[in-house]
Structure formats: C-alpha cells, structure tokens
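Here the structure is laid out as structure tokens; the discussion comes afterwards.
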Amino acid sequence: MNKKYNLLLPIAGRAQRFINEGYTMPKPLIMSKDKHIIDWSMSSINTSECNIIFAVRLEHINNFSIDDILRSKFGDDIQIVVIDRVTDGSVSTCLLAKEYIDNDLPLIIYTPDVYFENQFVPSSIPENVDGFLLTFKANSPAHSYVELDEDGYATRTAEKEVISQNAAVGVYYYKTGKMFVKYAEEMISQNIRTKGEFYICPMYNQMIRDNLRVKIDQVEKMHVLGTPAELEFFVEHVTSRFGQKPVALCCDHSGFRMKEIAKKLLDKNDVPYIDFGTYVDKDCDYNEYVTAAVGSISNKTSDFAMGFCRTGQGVNILANHLDGIRSALVLDEYTAEYAIRHNCVNFFAIPEKYVSEDMLDRMIKIWKKTTFDGGRHMTRMKKTMG
C-alpha cells in the first residue's frame, strides 16, 4: 500500500532532566503506567497512511536496542535514521533524514513527548495550505507560538516568546518534504537561530515571507510528558479514571443527610466508597473526618474525596490546607465538570443547603466521565502547586 504522508519523529535528545532524576532508559522507553512514553505519544496520531521514520541516538541503539524495540512496536517497514553526534537543534536533526523526506510527499514532523486524547488524523489537514501546526492555548515562554490574522492564517511564529495564545504542540506539517528541506537548509545557511539552536517553528516565518499559506488547529486535552514531574502527574492524575478506586466520603452533622444520599447515589452509579464519618446526625466538627478522608488519598487507597457541610465552605477551606489536595466548592454540573477539566481537583466540597439529590446524582455522573484537559491548565497547575 502506498502511503500518503511521511511521518518523521526525532527522538534523539539526551533527556537531561530525566537523567538528572536518576532515569537510565531513553525517554521514549520510560514506562508510564503500563506503556512506554512513545506508546502514549504514537497513540495520539493515526499513522495508518504514514511512512514512519524515527531519528534515534546511536548510543540508544548500542545500549538499549531501541531500533529493534521500535520495529517490534510499529512494524519492520519503519525507517531508522541513526544520529551519532549532538546536532544544533531539531531542524538539523530532521535534515539528517533527508534521503527519506526530500520528495513530493507531504511531511509531518512530530516531536513525541506529548499525548492528546483525541487522536489526530493527518487527512484532516486542509488541502489548500502549505504549512500547518497543531496548537493548544498557553501563555508560558517555554513554548513556541503562532500569531494569526483575522482569516486564521499565520502571520508570524516565534520560539520561547509569547506572541499569541497559540502554542505549538509539536506536530508540524509541510505540503511536501522538499519544501521542508528547502527552508531548513536556508535557515541553516543564514544561521537563523534561537538561543543558539535551529528550531522548527520559527522556520514557518520563511514560508510566510514567501506568501505561503500556514494555518493551525487547536488540540483539546493535551498532556506534556517532557519532564519527570509532568510524567508523574500524568500517571497519577490523567491515566486513571475516577470511580475505579473508592471515593472517600466525609462530613459534619450539617452534611450528614447529604452524605447518606451520596452513598445511595454512588451505589446506583456502581462507584465504591469509604465512609469516614461522621456516622450520626449529632453536632460535631468536620476536621477529623475530612483529615481521615484525605489520608486515604495520601496513601492511595482513594483518588478522590467528597466532603459535605452546610455551605461547603468549611470543608473546602480545610481540605485545601492539607497536603496533596486540590478542593473545589461545587454547586452544579458546570462547576463540577470544570473543576476537574481546568483544575484537576481531587476533592469536591458540596453544600448540603444548595444541592438537591437530583443535582448530586448528575454531578456524580459528570465526575465519573470527566478528565483533566491539561495544556495551558497544566501550566497553571504547576504555578499553583509550586
């Protein structure tokens, strides 16, 4: 079968941040729950119409047989480009695959240290563009960015400079591989560097200069796997689904009635739970019960807790003072959904006075199927969590 695209994946970086944390395997082969990082990344893109080309480090072949591992995962017909030296950046690395990409097939370059839940299909790229990037919303100078005109065409790109909210995911398209090679060689011959390196995203400026058409599309639910901390967060908070572990329940006397209703609704929705009290409808403080419920998250018995009091504010304030907890006061389906999607909370503070049984049932259903969006919200999470 003749393929419609060339898909080039440069995975020849040193991954120094992982080395500094004691990792010994090449980053693509680091386990993330039950998969290697490269498996998560490759599942984000439909490769059925792609010739797959990996650029890998020679030492990773010699020490870890990464070439054989990649063939066992993605087929014997993949191409392996061996990198035996440190290059001047991703453009230089990709050019070492020139023999496979300097042709009329469309080229997609994918830097695979991300995962997005909605798989990208290359045939969805508009036919009338010369260049194309997948982006997500962000505002951190750690990324590369694309500025657009009112018609949605790129007017400028920048590396490590926030010129818009459109941050590049790491998926870059060129109408032909020849086009990439032409502009890559021009970039190097003219020494167009950013912070000493040749980056892919700024190369689109040369295409824009020549009146070529470059567009973007936004990715939802995108998760970066580029550092040990990001990988750990991904494993703990993204790969799991709520409802698989017991929900920790807690309350004071004012929330007792609603906690008992929650137990009935969790049973109805096939969600296990652990009741940390209070167990009787008598005056009490919520402190001990909230602390006990949070303890089950700390020891990984549970991955989520629900606390109930009259207004929800007391259990919310306390929960947010306890290590590892991100609590939100939730009143309805919307606040429940976006507390998870945008803030990756692991504690719902629920006001008995303002939430009905029917609303609580709907909130539980939303909670069970909602996941963290990642992307720009991960950047905010890092700031919040220090």
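The values are calculated or read from the model by the stated rules, or taken from the named source; none is laboratory data. All values reported here derive from a predicted model rather than from experimental measurement. Neighbour counts run over all protein chains shown; Cβ positions are idealised from the backbone, glycine included.
Can you tell me which residue in region 262-272 is nearest to the chain's Cα centre (by Cα), limited to those that are crowded, with 17+ Cβ neighbours inside 10 Å and modelled with pLDDT of 95 or more? Don't jump to the end; show me each part of the working.
Of region 262-272, the ones crowded, with 17+ Cβ neighbours inside 10 Å are 262, 265-266, 271.
Next, only the ones that are modelled with pLDDT of 95 or more stay: 262, 265-266.
Numbers: Ala262: 31, Leu265: 31, Leu266: 29 Å.
Per the stated criteria, the residue is Leu266.
Can you name the residue in region 121-140 that is at pLDDT below 95 and part of a strand (DSSP E or B) and is also surrounded by the most Cβ atoms within 10 Å (Cβ to Cβ) among such residues?
Checked region 121-140; the qualifying residue surrounded by the most Cβ atoms within 10 Å (Cβ to Cβ) is Phe136.
Tell me yes or no: at least one residue of region 209-218 is modelled with pLDDT under 95, assigned by TED's automatic domain parsing to the domain that holds Glu117, under 27 Å from Met381 (Cα atoms) and surrounded by fewer than 20 Cβ atoms within 10 Å (Cβ to Cβ).
Checked against the condition, which is being modelled with pLDDT under 95, assigned by TED's automatic domain parsing to the domain that holds Glu117, under 27 Å from Met381 (Cα atoms) and surrounded by fewer than 20 Cβ atoms within 10 Å (Cβ to Cβ), region 209-218 yields at least one hit.
Please determine whether any residue of region 286-301 is among the aliphatic types (A, V, I, L, M), in contact with a Cys (Cβ under 6 Å, 6 or more places away or on another chain) and crowded, with 20+ Cβ neighbours inside 10 Å. Steps first, answer last, please.
Filtering region 286-301 for residues among the aliphatic types (A, V, I, L, M) gives 290, 292-294, 297.
Restricting the remaining residues to those that are in contact with a Cys (Cβ under 6 Å, 6 or more places away or on another chain) gives 290, 293.
Those left that are additionally crowded, with 20+ Cβ neighbours inside 10 Å: 290, 293.
Checking region 286-301: at least one residue is among the aliphatic types (A, V, I, L, M), in contact with a Cys (Cβ under 6 Å, 6 or more places away or on another chain) and crowded, with 20+ Cβ neighbours inside 10 Å.
Can you pull out every residue in region 279-305 that is of a type in the set (Val, Ile, Thr), more than 22 Å from Ser240 (Cα to Cα) and at pLDDT 95 or above?
Residues satisfying the conditions are Val290, Thr291.
Among the listed residues Tyr273, Tyr279, identify the single one that is free of Cβ contacts under 8 Å to residues at least 12 places away in the same chain, of a type in the set (Phe, Trp, Tyr) and farther than 30 Å from Gln165 by Cα.
On the way: Tyr273 fails: free of Cβ contacts under 8 Å to residues at least 12 places away in the same chain.
Result: Tyr279 is the single residue among Tyr273, Tyr279 that is free of Cβ contacts under 8 Å to residues at least 12 places away in the same chain, of a type in the set (Phe, Trp, Tyr) and farther than 30 Å from Gln165 by Cα.
Hey, which of the helices (runs of 4 or more DSSP H) in region 1-85, taking only ones fully inside, have at least 3 residues that are more than 21 Å from Tyr100 (Cα to Cα)? Reasoning before the result, please.
Values: elements: 16-20, 37-42, 58-64, 66-74.
Fully inside region 1-85 and qualifying: 16-20, 37-42, 58-64.
Is it the case that some residue within region 235-255 is within 13 Å of Ile364 (Cα to Cα) and of a type in the set (Gly, Ala, Ser)?
Yes - at least one qualifying residue is present in region 235-255.
Given the criterion surrounded by fewer than 15 Cβ atoms within 10 Å (Cβ to Cβ) and modelled with pLDDT under 95, identify the matching residue among Ile30, Ile19.
Ile19
Given region 302-386, what strands (runs of 3 or more DSSP E) lie entirely inside it while holding 1 or more residues that are outside the structural domain of Asp275 (by TED's automatic domain parsing) and within 21 Å of the chain's Cα centre (by Cα)?
none
Restricting to region 367-382, what's the tally of residues that are over 11 Å from Arg341 (Cα atoms) and of a type in the set (Val, Ile, Thr)?
The qualifying residues number 1.
Has region 288-297 got at least one residue that is part of a loop (DSSP other than H, G, I, E, B), within 23 Å of Gly374 (Cα to Cα) and within 26 Å of the chain's Cα centre (by Cα)? Steps first, answer last, please.
Taking region 288-297 as the starting set, the residues that turn out to be part of a loop (DSSP other than H, G, I, E, B) are none.
Scanning region 288-297 turns up no residue that is part of a loop (DSSP other than H, G, I, E, B), within 23 Å of Gly374 (Cα to Cα) and within 26 Å of the chain's Cα centre (by Cα).
What's the number of the condition Thr371 fails, among (1) out of contact with any Ser or Thr (no Cβ under 9 Å at 6 or more places or on another chain); (2) without any contact (Cβ under 8 Å) to a residue 40 or more places away in the chain; (3) not acidic (Asp, Glu)?
The failed condition is (2).
State whether one or more residues within region 102-114 are touching a Ser or Thr at 6+ places or on another chain (Cβ under 9 Å), within 26 Å of Thr227 (Cβ to Cβ), assigned to a strand (DSSP E or B) and modelled with pLDDT under 95.
Yes, that holds for at least one residue.
Could you grab me the full set of residues in region 311-321 that are closer than 20 Å to His237 by Cα and either exposed (fewer than 13 other Cβ atoms within 10 Å of the Cβ) or modelled with pLDDT under 95 (or both)?
The one that is closer than 20 Å to His237 by Cα and either exposed (fewer than 13 other Cβ atoms within 10 Å of the Cβ) or modelled with pLDDT under 95 (or both): His321.
Taking only pairs six or more apart or across chains, which ones have beta-carbon atoms under 7 Å, a first residue in region 26-44 that is in contact (Cβ under 8 Å) with a residue 40 or more places away in the chain, and a second residue that is hydroxyl-bearing (Ser, Thr, Tyr) and buried (at least 22 other Cβ atoms within 10 Å of the Cβ)?
Trp40/Tyr115; Ser41/Tyr115; Ser44/Tyr115
Only one of these is buried (at least 23 other Cβ atoms within 10 Å of the Cβ) and either more than 24 Å from Gln79 (Cα to Cα) or in the same structural domain as Cys50 (by TED's automatic domain parsing) (or both): Tyr153, Tyr100, Tyr174. Name it. I'd like the intermediate steps shown before the answer.
Working: Tyr153 fails: buried (at least 23 other Cβ atoms within 10 Å of the Cβ); Tyr100 fails: buried (at least 23 other Cβ atoms within 10 Å of the Cβ).
Unique residue meeting the criteria: Tyr174.
Would you mind finding the one in Gly226, Gly255, Gly243 that is more than 18 Å from Asp303 (Cα to Cα), in contact (Cβ under 8 Å) with a residue 12 or more places away in the chain and more than 20 Å from the chain's Cα centre (by Cα)?
Sole residue among the options that is more than 18 Å from Asp303 (Cα to Cα), in contact (Cβ under 8 Å) with a residue 12 or more places away in the chain and more than 20 Å from the chain's Cα centre (by Cα): Gly255.
Which one of these is surrounded by 15 or more Cβ atoms within 10 Å (Cβ to Cβ) and modelled with pLDDT under 95: Phe308, Phe256, Phe242? Please lay out each step first, then the result.
Details: Phe308 fails: modelled with pLDDT under 95; Phe256 fails: modelled with pLDDT under 95.
Answer to the selection: Phe242.
Just checking, does region 269-283 include any residue being of a type outside the set (Phe, Trp, Tyr), touching a helix residue (DSSP H, G or I) at 6+ places or on another chain (Cβ under 7 Å) and assigned to a helix (DSSP H, G or I)?
No, because not a single residue in region 269-283 is of a type outside the set (Phe, Trp, Tyr), touching a helix residue (DSSP H, G or I) at 6+ places or on another chain (Cβ under 7 Å) and assigned to a helix (DSSP H, G or I).
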